[in-house]
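Here is the structure we will look at.
The values are calculated or read from the model by the stated rules, or taken from the named source; none is laboratory data. Being a predicted model, the structure only gives us computed values, none of them experimental. Glycine also receives a Cβ, built like all others from the backbone with ideal geometry; neighbour counts cover every protein chain displayed.
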Amino acid sequence: MSELPQVTIYTDGGALGNPGPGGYAAVLRYNDHRKELSGGYRRTTNNRMELMAAIRALEALNRPCRVTLYTDSRYVADGINQGWAKRWRANGWRKNKTEPALNPDLWERLLDLLDRHQVEVVWVRGHAGNPDNERCDRLSVAAAQQPNLPPDEEYERLHP
């Protein structure tokens, strides 16, 4: 069995106004290769864009990989590392008996991708001078500022 490729990913996402126009971005590194991804939606939230950044980055990998994924989102890092998202899914996307988990559509996609790859999620402080994290921030803000952004259909369905 061959060794899985090691990929390093930085992600960021945000919404201008929260909710508002949102953008996500990722920087992927594999050996000497570097790829940048970004996109946005016309009305969404910071947390949805943080999740989307991780999803799009992992979807860009065309075979199973060992991944170190850096995020400045406690929501994403803790949701994975503390096992919250898996627990929410096991409980029918509920945090407890009365409170639904937010963003189950995106958490479901992310959990499926985490099953495909060997992913270590590492929290990093945002705006702390890390070049790839800063690049993701700039890309995600620029994406959120683009004209004619598509709808985040699930968010807009739930929040007309």
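Considered as a group, the residues in region 127-138 that are outside any loop (DSSP other than H, G, I, E, B) and over 14 Å from the mean Cα position of the chain (by Cα) include one that is surrounded by the fewest Cβ atoms within 10 Å (Cβ to Cβ), and that residue is P131. Listed by first and then second residue, the pairs linking a residue in region 133-149 that is closer than 28 Å to V122 by Cβ to a residue that is surrounded by 13 or more Cβ atoms within 10 Å (Cβ to Cβ) and β-branched (V, I, T), with Cβ atoms under 7 Å apart and 6 or more places separating them unless they lie on different chains, are N133/V124; R135/V27; C136/T11; C136/V27. Of everything in region 1-12 that's out of contact with any Cys (no Cβ under 7 Å at 6 or more places or on another chain) and not in a strand (DSSP E or B), which residue is surrounded by the most Cβ atoms within 10 Å (Cβ to Cβ)? So the residue we want is E3.
When region 24-44 is filtered for residues that are closer than 15 Å to T71 by Cα and in contact with a Gly (Cβ under 6 Å, 6 or more places away or on another chain), only Y24 remains.
From the list V119, V124, V76, the lone residue that is among the β-branched types (V, I, T), modelled with pLDDT under 95 and within 16 Å of the chain's Cα centre (by Cα) is V124.
Can you work out which of the residues in region 142-155 that are more than 20 Å from L106 (Cα to Cα) and not polar (S, T, N, Q) is surrounded by the fewest Cβ atoms within 10 Å (Cβ to Cβ)?
Taking region 142-155 first, the residues more than 20 Å from L106 (Cα to Cα) are 142, 145-148.
This time we only want the ones that are not polar (S, T, N, Q), so: 142, 147.
Values: A142: 13, P147: 6.
Per the criteria, the residue is P147.
Any residue in region 32-51 that is without any contact (Cβ under 8 Å) to a residue 60 or more places away in the chain sitting within a Cβ distance under 8 Å of a residue that is aromatic (F, W, Y) and outside any strand (DSSP E or B)? List the pairs, counting only those 6 or more apart or interchain. What qualifies is N47/Y75; E50/Y75; L51/Y75; L51/W107.
Quick one: is P160 without any contact (Cβ under 8 Å) to a residue 40 or more places away in the chain, closer than 18 Å to L37 by Cα and either out of contact with any Pro (no Cβ under 6 Å at 6 or more places or on another chain) or of a type in the set (D, E) (or both)? No, not satisfied. Close contacts from region 81-92, counting a first residue that is over 22 Å from L69 (Cα atoms) and touching a residue at least 12 places away in the same chain (Cβ under 8 Å) and a second that is in a helix (DSSP H, G or I) and of a type in the set (S, T, Y), with Cβ to Cβ under 9 Å and a gap of 6+ residues or different chains, come to none at all.
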